[in-house]
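Enquirer: Okay, here's the structure, questions in a sec.
The values are calculated or read from the model by the stated rules, or taken from the named source; none is laboratory data. For clarity, every value in this text was computed on a predicted model and none was experimentally measured. Neighbour counts are summed over all protein chains in view; Cβ atoms, including those assigned to glycine, are modelled from backbone coordinates with ideal geometry. To get the accessible areas, we keep the full protein, side chains included, count just its heavy atoms, and leave off ligands, DNA and RNA. Shrake-Rupley method; radii C 1.70, N 1.55, O 1.52, S 1.80 Å.
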Amino acid sequence: SAAGGTLVAIDGGGFWDLRDAELGKFQVVHVGTVPCTILEEASSFERIVCETGPSRPGPPLRVCVTMVSTAASLGDSSGTVEAEAEAEAEVGGQSGCLRGCEDCEFQYTEEETPFVTWLS
């Protein structure tokens, strides 16, 4: 859906628990350059489930998982925020993507986007 809100499941292994973010370990997911919000309650060490953000319809986009670890954030949450911002900037060019899923793609389409035609 171009409106976002589609759940995407990424299977693999060795993913970090979202609670590890306070230890400076976290991952971010993007569809192309659009952030995909990780759903902690549906994710595990073997699967990440995320909810797509809105984007324009177009060709298939690569799904990118980036693992981030920063020792500077131990005991200091500001390091995590800075590392997260760096990861967001880096993923725009898709340079930090995990290997193993070079062909993993998602396509935004209008056909899957709900719309209203009439109200009474």
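Enquirer: Rank these residues by their accessible area, most exposed first, probe 1.4 Å: F106, F115.
Expert: Result, largest first: F115, F106.
Enquirer: For C101, C64, give me the order by solvent-accessible area with a 1.4 Å probe, most accessible first, ignoring ligands, DNA and RNA.
Expert: The ordering from most to least exposed comes out as C101, C64.
Enquirer: Kindly provide the GluC sites (Glu not before Pro) of segment 23-68 that DSSP labels as loop, not H, G, I, E or B, and whose Cβ sees at most 16 other Cβ atoms within 10 Å.
Expert: When the GluC sites (Glu not before Pro) of segment 23-68 are filtered for loop state and at most 16 Cβ neighbours within 10 Å, E46 remain.
Enquirer: Subtracting the Cα-Cα distance from 0.36 nm times the residue separation, let me have the gained length for S1 to E102 in nm, one decimal.
Expert: Fully extending the segment from S1 to E102 adds 34.1 nm.
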